[in-house]
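Visitor: Pasting in a structure now, in structure tokens, and then I'll have a few things to ask.
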Amino acid sequence: MWRGNRFMADRQLDVPFAINRQRRCGSVLGASVALTLCAAPLRADEGFWLYSQAPLQHIVEKYRVQLTPEWLDHMEKATVRFNSKRYDAYVGGSGSFVSADGLVLTNRHVIPLSILAKAETAGGNIQRDGFVAQSLEEETKLPGVSLDAVLSSMDVTTLVNERIPATATDADAERIRKETIAELERAGSTTPGTEAEVVSLDAGARYMLYTHRRYSDVRLVFAPEAAAAQRMEDHPAPAFDVALVRAYENGVPARPDQHLQMSARAPTEGELAFVLGVPTRSNRRLTVAALEAQRDIELPLWLEAFTKLQLRLAAFAAHDADSARAAAPALVNVAFVRRITEGRLAALRDDTFLAKRREKELELTGSLAAHGDDNSIEAYRNIARIAPRRARRAFRNELLFPTASSPWPREDVVLPFGLDYASSLHAFGEVLLKSRNQRDLTDAERSRGYRAKDRGDLENWLFNATKPDPRVEELRLQAFFDTLVESLGADDPFVQIALDGESSQQRAASLASGTHLDDVGFRRALYNMSNESFDATPDAYLEMLRSLEHKRRDLNDADVVDDALFEREEERMRRATAMALGGALYPDATRTARIAFGTVQGWRGSGGTVPYATMIGAFFDQPKADVSERSATPLRWARAAERVEKGTMLDFVSTADVVAGNSGSATVDTKGRLIGIVFGPGAVEGATAVDFAYGATVSQRAAHVAAAAIFEALAHVYDAPRLVGELKDGHR
């Protein structure tokens, strides 16, 4: 194991048990299978790896590049995780410190539009004009955004598991595990401004303890106008999706332990690059049976739901300019999620993709059978048997209870669809009801998002969320009720509770007019009152949610047993796979710092060769954007046309493996110099299915904004010499 603060090898935690630091490729299958699988070579630039698990030998053999522990330590500690609450789940993206004075580089789209709007000064319009702070005094706070920077990371699997007696029941084992994790987190959070969290990998096959420094005072320094940041199409369409924020401590710029040095050097085709980020979610370990259930049941249901909602919103937006403005945020988000859903479904309907997954699964189950691991074989069989009916219940539960617990116990995963489909009223009510139910629990027993360390962020969202437009809310509610009826059937008990004898249109209207959940004062009062007072408070929407919750508790015992068995077998399968493959397997994404790698490289598509890079000149070659004949070139860029070097690289693509949450990730060269930032995995058609597999149906590419373009634009488009100097020098 490497030495240094990052792995805390020389630091003793104040906990009453010892640390077993031995790392090995463990197996539940037997030594011979484990060695065979652990030695399996990587076939592509796949994976978002723990820093303690980076495939160093593979990188040496394939690229002749040797990464040192010091280099990796520097990269991890310069990476930051963006936090902003959406309902009770953390969303955000990645970023990196780029100066010793707390300056952070990320994507513009990592900062929610609602928060950007709150940062606008009098008369300003960031969406239209962008934002440039010409001094520290002009840097404006981003309410509801915080940053986490890694101070240390450590494998604590042995610490978590060694306290559990071999004779412990499942319930006792879970209780002891939770108590141990809570103890580890308390021991790592004693220093002011630091927070420790234990993260489960592969359903408990491994546990990592991360200690972060949290920066709660984050201020906007630079953001381009939306017209420059938002790409109209996939690569090579131009995009300048960039933002700069600054972390503050005690009212002055923070002094992070590490920061990256930016380079104006444009990368060359074939060059090796590393991506440093905090991927949020992936589903690379799902069985073929689970994937088929998504293909045949869940995804078609979600696609139909989002398609109909998008059509409703578009029709409403077409009424007039005011309606268009009111619907715009929801319409943009729903259209984006619909596209992701279509991409996932297309990947799962590709026979070649599923054939490869079956081949890998048969290889693993064959090894399990050859070594007598009947329990794991039985897990696969049970998953295949339960998956179809489980998929339908999963759709129902996520539709009705979008802020429910993670689908994988003891893993931090953001649900992909329910959070995007739910109306604001539904979300407010769900979070308040869940907060009420968490009050009498100990902090260790509470769900993630409701613990003491999360309370400030949860309250900030709950009390500062943008007031929803009542017309859009009623429209979304009607779509919600229609989806319930069409997908579950009018006789379904949940549908009957939700509609309460009314039509979808009537119920949407009566709930929208019979609730005060859109009033921040009402939400604050509910949040702070006793459980008895909460339960006695009349509100139409809360009454519906209470009834749905009671019905969920009264679910048929067979369904409860079915779900519990499915979850247990999924955990067993994931642990077995992870332990069999050991260091040859990267864990699914869990909002923790990871490193990926790949080469700068174009591809050959159906229309011919797609170049690896787009130059700034492409901004000035854009077609007319709409019937008004307005130029698609952003106005500020058009005015700077004579000053900008149009041959400067703007965007490039690479084979690095990126998924949701990697937005804003630093892209560095082999010397650790920042040469770009990731702004999305959707550089080629099919990349929206990357949470299932690397290059699910096509050769995968990640899209990056080149650092060269950041220097050029700040200097000649946005007149920000102060920022150019800080980025070049690494300090103010």
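Visitor: Any residue at all in region 212-225 that's among the basic types (Lys, Arg), outside any strand (DSSP E or B) and closer than 29 Å to residue 719 by Cα?
Guide: no
Visitor: Quick one: would you say residue 381 is part of a helix (DSSP H, G or I) and out of contact with any helix residue (DSSP H, G or I) (no Cβ under 6 Å at 6 or more places or on another chain)? Write out each step before concluding.
Guide: Details: part of a helix (DSSP H, G or I): yes; out of contact with any helix residue (DSSP H, G or I) (no Cβ under 6 Å at 6 or more places or on another chain): yes.
Spelling it out, residue 381 is indeed part of a helix (DSSP H, G or I) and out of contact with any helix residue (DSSP H, G or I) (no Cβ under 6 Å at 6 or more places or on another chain).
Visitor: Against the definition (surrounded by 20 or more Cβ atoms within 10 Å (Cβ to Cβ), within 26 Å of residue 102 (Cβ to Cβ) and of a type in the set (A, V, I, L, M)), how does residue 160 come out, yes or no?
Guide: Numbers: surrounded by 20 or more Cβ atoms within 10 Å (Cβ to Cβ): yes; within 26 Å of residue 102 (Cβ to Cβ): no; of a type in the set (A, V, I, L, M): yes.
The answer is no for residue 160.
Visitor: Just to be sure, is residue 325 free of Cβ contacts under 8 Å to residues at least 40 places away in the same chain and among the basic types (Lys, Arg)? Lay out the reasoning, then the answer.
Guide: Working: free of Cβ contacts under 8 Å to residues at least 40 places away in the same chain: yes; among the basic types (Lys, Arg): yes.
For residue 325, the condition - free of Cβ contacts under 8 Å to residues at least 40 places away in the same chain and among the basic types (Lys, Arg) - is met.
Visitor: Restricting to region 87-105, name every residue that is closer than 17 Å to residue 592 by Cβ and modelled with pLDDT of 85 or more. Quick ask: steps written out before the conclusion?
Guide: Start the filter on region 87-105 by keeping residues that are closer than 17 Å to residue 592 by Cβ, which leaves 89-96.
Result: 93, 94, 95, 96.
Visitor: With a cut-off of at least 1 residues that are in contact with a His (Cβ under 8 Å, 6 or more places away or on another chain), name the helices (runs of 4 or more DSSP H) lying wholly within region 455-574.
Guide: Working: elements: 455-464, 470-488, 493-499, 504-513, 520-528, 531-536, 540-553.
The qualifying helices (runs of 4 or more DSSP H) are 470-488, 520-528, 540-553.
Visitor: In region 75-116, which residue that is out of contact with any strand residue (DSSP E or B) (no Cβ under 9 Å at 6 or more places or on another chain) and assigned to a strand (DSSP E or B) is nearest to residue 50 (Cα to Cα)?
Guide: 89
Visitor: Of the numbered conditions (1) free of Cβ contacts under 8 Å to residues at least 40 places away in the same chain; (2) assigned to a helix (DSSP H, G or I), residue 319 satisfies every one except a single condition; which is it?
Guide: (2)
Visitor: Something else about it: Among the residues of region 544-556, are any more than 17 Å from residue 398 (Cα to Cα), free of Cβ contacts under 8 Å to residues at least 60 places away in the same chain and surrounded by 13 or more Cβ atoms within 10 Å (Cβ to Cβ)?
Guide: Looking for residues that are more than 17 Å from residue 398 (Cα to Cα), free of Cβ contacts under 8 Å to residues at least 60 places away in the same chain and surrounded by 13 or more Cβ atoms within 10 Å (Cβ to Cβ), one finds none in region 544-556, hence no.
Visitor: Another question, if that's okay. Restricting to region 464-509, and then to whatever is free of Cβ contacts under 8 Å to residues at least 40 places away in the same chain, closer than 30 Å to residue 113 by Cβ and out of contact with any Ser or Thr (no Cβ under 7 Å at 6 or more places or on another chain), can you tell me which residue is surrounded by the most Cβ atoms within 10 Å (Cβ to Cβ)?
Guide: Restricting to residues being free of Cβ contacts under 8 Å to residues at least 40 places away in the same chain, closer than 30 Å to residue 113 by Cβ and out of contact with any Ser or Thr (no Cβ under 7 Å at 6 or more places or on another chain), the top hit is 508.
Visitor: If you check residue 656 against the conditions, is it of a type in the set (Gly, Ala, Ser), in a loop (DSSP other than H, G, I, E, B), over 30 Å from residue 125 (Cα atoms) and modelled with pLDDT of 85 or more? It would help to see each step written out before you state the result.
Guide: Values: of a type in the set (Gly, Ala, Ser): yes; in a loop (DSSP other than H, G, I, E, B): yes; over 30 Å from residue 125 (Cα atoms): yes; modelled with pLDDT of 85 or more: yes.
The answer is yes for residue 656.
Visitor: Also, quick follow-up: Tell me which strands (runs of 3 or more DSSP E) are completely within region 576-652 and hold 2 or more residues being at pLDDT 95 or above, of a type in the set (S, T, N, Q) and over 30 Å from residue 448 (Cβ atoms), or say none if there are none. Break it down stepwise before answering.
Guide: Values: elements: 594-599, 603-605, 608-610, 613-615.
Output list is empty.
Visitor: Determine whether region 462-485 contains at least one residue that is under 24 Å from the mean Cα position of the chain (by Cα), polar (S, T, N, Q) and closer than 27 Å to residue 333 by Cα.
Guide: Within region 462-485, one or more residues are under 24 Å from the mean Cα position of the chain (by Cα), polar (S, T, N, Q) and closer than 27 Å to residue 333 by Cα.
Visitor: Kindly provide the set of residues from region 292-345 that are closer than 26 Å to residue 690 by Cα and acidic (Asp, Glu), ordered by number.
Guide: The first filter runs over region 292-345 and keeps only residues closer than 26 Å to residue 690 by Cα, leaving 292-310, 329-345.
Scanning region 292-345 gives 292, 296, 298, 304, 342.
Visitor: May I pose another question? Of the numbered conditions (1) part of a helix (DSSP H, G or I); (2) more than 20 Å from the chain's Cα centre (by Cα), residue 337 fails exactly one; give the number of that condition.
Guide: Result: residue 337 passes all but (2).
The values are calculated or read from the model by the stated rules, or taken from the named source; none is laboratory data. Only a predicted model underlies this, so the values are computations on that prediction, with no experimental measurement involved. Note that each Cβ is placed from the backbone with ideal geometry, even for glycine, and that neighbours are counted across all protein chains shown.
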